[in-house]
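See below for the structure under consideration.
The numbers here are math on the coordinates, done by the rules we state, and not lab data. What you see is a predicted model; the values in this text were computed from it and never measured. Positions of Cβ are generated from backbone atoms using ideal geometry, with glycine treated the same way; all protein chains shown enter the neighbour counts.
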Amino acid sequence: MSFLDRERTVARPGFSRWLVPPAALCIHLCIGQAYAFSVFNLPMTKLIGISKSAPDDWKLTELGWIFSIAIVFLGLSAAVFGRWVEDGGPRRAMFTAGLCWSVGFLLSAVGVYAHQLWLIYLGYGVLGGIGLGIGYISPVSTLIKWFPDRPGMATGMAIMGFGGGAFIASPLSVWLMQKFSTPTHVGVAETFIALGCIYFVFTMVGAAIVRVPAPGWLPAGYTPPAVAQKLITKNDVYVYDALKTPQFWLIWWVLCLNVTAGIGVLGQASAMSQEMFPGRVTPVAAAGFVGLISLFNMLGRFFWASTSDLIGRKNTYYCFFVIGTVLYILVPHTGAIGSVTLFVLCFVVIISMYGGGFSTVPAYLKDMFGTRYVGAIHGMLLTAWSAAGIFGPVLVNYIRQYQIDSGVPKAQAYNTTMYIMAGLLVIGFICNALVRAVHDRYHMKSEQESAQASVAGARA
C-alpha cells in the first residue's frame, strides 16, 4: 500500500493547485450525505408494515440516535486521528475515510435485512462516523498549504461540499428507494448498498488525484509577509501544545456556541415554520424552506470563508455573533406580525453564518497556530461540534415542549428559545473578543524541536 504514503503524493513541478479542491470535494460531497440521512427515517419505520408502521417496526426516537451517534464519532475520530491524518498525508486519510464510510453503509444494509438496529448504530453511526471525522479533516491542511494566499477561500470550497452533499444525497436516496421498492419491500437496504458503492468510487477518485506541495513551494507571484501580522503567526505550534493555550479553548467555545445556535434550528426548521405560522405554511412549503436554508448553509460556507480573507477571521466571527444576535431577537417578532418573508430572511442569513462558522475556523486556527499541525488541531476542535450537536437540539426541543406543557400556544413556543440562542451568541462574541496572538513560549523554535516532537508523537 505504498501508493498511500505521503511521499507518493508530493506534487511534481507544474502540478496545478486547482486540482486539489476537486479532490477535496470528492470526499466532502460524499460524507455530506449525513445531513440528508433523515430521508431514511420514515421509510425505516415501515420496514415490516410497508404502508404503515407495524408493532415490531422501529420508532423514530430509536432511529434518531443513528445520526446522533455518527456526529459524536465524527468529533471523536477527528480529535483522536488528527495527528495520524497530519503525518500520514491526505491520500491515506481519504482512502481510510472512504473505506469506513462505504463499509458503514454496507453494514447498515445488513442491519436492515436482519432487522437489527444495533448493526445500523455500529455501521452508519460508529464506523460511518469515524469515516466522517477522518474525511472531514483530511484535506484541510493540504488546502491551506496550497493556498497560503487565500486559505479561507480554499477551505471554504471544500467544506462547502459537506454542506452541499445533502443536495445530491437527498433526491438520489429518494429516487433509489423508489426504484428498489416493491409492494412488499421499501428498498432501504438496496439503497444503502448502492450509496456505499457510489461513495467508495468517488472517494477513491479524490484520494488518487490529491497531492501535497513540495517543501518550500509557494504560488507564483506570492511573497509571504516579512513579519507576522497581529493575529496571523509565522510560527508553528505543536498539536498538543495548542491544547495548553487559552486561544484553542476560546475558539472551541466560539465554534461551539455558533454551531449550537444554528444546529438546533436546522433540525427543527420544518416543524418550527409550520407551528409559528399555522395554516399559512404547508408541509410542502416547509420542505421548500428546509431546502432553501440548506442551500444557504452551503453557500455561506464559501462566502463567509472567502470574506474572512479580506476582513480577517476574528472580524468574520464578530459578524456572526452581532448579526446573529439581532436576527434571533427579531424572529419572535416575525411570528407576532405574521411575516413569513421576514422569518425566512432571518433564518437563511442565520444558517449561512452557521455554515460559515465551519469553513472559517480552519483558517482561524492556521492564523493562530501555523500551518504544520493545523489539520490535527482542527480535528481536536471539532469536539465542539459534537457538543453542539447535543446542546442545540436539546435546547430547542425541550424548551419548546416545556413551553407547550405550560400552556403557551405552539406559535409562541419557540420565543424563549430564540432569546436563549441570542444570549449564547453574546457569550460567543465575548469569547471571540478575548482571542489574542499565541504567546511565543508555545512556538516551535527549530527544526530539531520539530523532529523531536514528531518522534515523541510517534512513541505516544
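Quick notes
- Förster radius 45 Å - calculated FRET efficiency between Val340 and Asp149, Cβ distance, rounded to 0.05: 0.60
- Overall form of the range 85-185 per C-alpha gyration tensor (a/c, 1.5; a/b vs b/c): oblate
- Cα centroid separation - the range 222-283 against the range 295-344, whole Å: 13
- Qualifying lysines (Cα of each under 22 Å from Cα of Lys366; at least 8 residues distant if same chain): Lys145, Lys230, Lys234, Lys244, Lys314, Lys445
- Principal axis extents of the C-alpha atoms in the range 306-395 (largest first, rounded to whole Å): 52, 33, 15.
- Measuring spread by the Cα atoms of the range 1-216 yields a radius of gyration and Dmax of 18.3, 64 Å.
- Stokes-Einstein D (µm²/s) once Rh is taken as the Kirkwood radius of the range 228-460 over alpha-carbon pairs, at 20 °C in 1.002 mPa s: 114
- Each helix, a run of at least 4 DSSP H residues, gives -39500 (n - 2.57); summed and divided by the residues of the chain, these come to -24000 deg cm²/dmol at 222 nm.
- Remark: the Tyr222-Ala411 segment gains 62.6 nm on full extension, using 0.36 nm per residue and subtracting the alpha carbon distance.
- With Cα atoms, 0 to 90° folded angle of helix 447-459 axis to the chain main axis: 50
- Fewest-first ordering of Ile137, Ile399, Ile323, Ile251 by other beta carbons within 10 Å of each residue's beta carbon gives Ile323, Ile399, Ile251, Ile137.
- Dipole-positive endmost among Trp253, Leu122, Trp18 within the chain (Cβ charges, Cα centre): Trp18
- Expected-Rg normalisation [2.2 N^0.38 Å, Cα atoms] applied to the range 315-359: 1.19
- Of interest is the spacing of the C-alpha centroids, which for the range 91-146 and the range 361-408 amounts to 20 Å.
- Given charges at beta-carbon only (K, R positive; D, E negative), |dipole| of the chain in Debye: 620
- Compared with the direct C-alpha span, the chain from Ile209 to Asn315 gains 34.7 nm at full extension, assuming 0.36 nm per residue.
- Label-point separation in nm, Trp84 to Val10, each point 7 Å along Cα→Cβ: 2.5
- Residues within the reach of a label modelled at Asn41 (point 7 angstrom out along Cα to beta-carbon, backbone nitrogen below 14 Å), restricted to the range 385-421, are 393-394, 396-398.
- FRET efficiency for the pair Lys445 and Thr182, taken as 1/(1 + (r/R0)^6) with r the Cβ-Cβ distance and R0 = 60 Å, rounds to 0.35.
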